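What follows is calculated from the coordinates using simple rules that are stated; it is not laboratory data. Here the structure is a predicted model, which is why all the values come from computation and not from measurement. So basically every Cβ, Gly included, is an ideal-geometry build from the backbone, and we count neighbours across all protein chains shown.
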Amino acid sequence: MQKNQNQKESAAEVKVVGSGKTVVEAQADALAKLEEIAGPFQKHEVDLIVISEGSKGFLGVGSQAAQVEASLPGKDDGRGQVSDEEYGGAGQQPLPEEPPSEDEEFEPAGAEAEARLEEYLNRVLEGMQLEASVSLSDRYDALVANIAGDGLGLLIGRHGQTIDAVQYLANIIVFRGKPGRKRIVVDAEDYRERRSEVLKSLAERGAGEVLKGKRRYELSPMTAAERRIVHMYLQNYQGVETTSEGNEPFRRVVIIRAGNS
């Protein structure tokens with residue numbers, strides 16, 4: 001793949017530099033670039049370094065973008081390319097469920113973890129100049145933070161890219177240096193559940209068109225996390241198959257009739 005000036009690669013590791021108006025946006029940009037170059041990764045494998053926090057300048061003149069470097073150790077495990085539905089990175093994930101039975105052991109995240117998560121999120125909101133409140137829910141398999149307030153579109157970002165970056169960092173920061181850990185989900189006024197339902201509705205509509213005779217149905221470009229939701233939702237849908245085509249950030253899910261791939 002052709003490299004650009006923001007991309008460095010060696011046998012030992014892969015490095016990219018992301019940019020944005022805020023550090024959070026720069027982190028999201030860096031993670032998206034890293035995934036495009038290196039493929040799927042686990043959140044604990046990535047090192048993030050803030051190069052510049054950016055500046056607004058005076059009356060918009062002389063402003064500078066924030067920059068974040070993301071690095072991933074090189075791997076050669078012979079797996080080849082991993083499909084979107086196998087990707088287990090830091091993107092959108094279903095909200096956790098309550099225990100399936102009363103016999104399941106419940107391990108609380110702890111007051112310290114909750115305090116660290118709330119402090120981190122309040123700092124993010126303050127940095128983005130958003131008036132919002134954070135409520136925490138310690139569920140069976142995750143510590144869930146739901147943010148409520150006005151103007152949260154900035155926090156969510158395009159296709160949830162910004163809130164995914166916030167969630168990614170929360171999973172790194174909250175349990176750093178602490179024994180045991182729990183998955184952390186950061187949501188904004190139930191955005192994740194609402195977006196998941198929208199994606200499933202789009203997937204079902206596309207599958208219906210293919211079953212009616214349409215040769216292929218292309219969905220709009222999505223992030224890897226959103227494509228995974230579509231792949232997973234349609235994997236047992238009789239008569240259709242899914243694949244992903246195109247390059248980031250224009251990669252999209254294509255629905256085709258089963259057996260025509």
Candidate cut points under chymotrypsin sites (Phe, Trp or Tyr not before Pro) in region 202-253, DSSP loop plus at most 10 other Cβ atoms within 10 Å of their own Cβ, are PHE250
Looking at region 111-189, send over the antiparallel percent of its DSSP beta bridges, to the nearest 5.
55
On the first, second and third principal axes, largest extent first, how far apart are the outermost C-alpha atoms of region 111-189 in Å?
36, 22, 21
Once ILE49 and SER133 are pulled to full extension, the length gained, defined as 0.36 nm per residue separation minus their Cα-Cα distance, is 27.5 nm
Is the shape of region 170-222 best called rounded, prolate or oblate, per the rule: a/c under 1.5 gives rounded, else a/b larger than b/c gives prolate, else oblate, with a ≥ b ≥ c the square roots of the Cα gyration tensor eigenvalues?
prolate
HN-Hα J in Hz across region 238-249 - Karplus 6.51, -1.76, 1.60, θ = phi - 60°, x for Gly and Pro
5, x, 9, 10, 10, 8, 10, 9, x, 10, 4, x
Along each of its three principal axes, how wide is the spread of alpha-carbon positions in region 116-160, in whole angstrom units, largest first?
30, 24, 14
Taking each pair of distinct Cα atoms in region 125-261 once, what is the resulting Kirkwood hydrodynamic radius in Å?
16.9
Cα-based Kirkwood hydrodynamic radius, region 193-257, one decimal, Å:
11.6
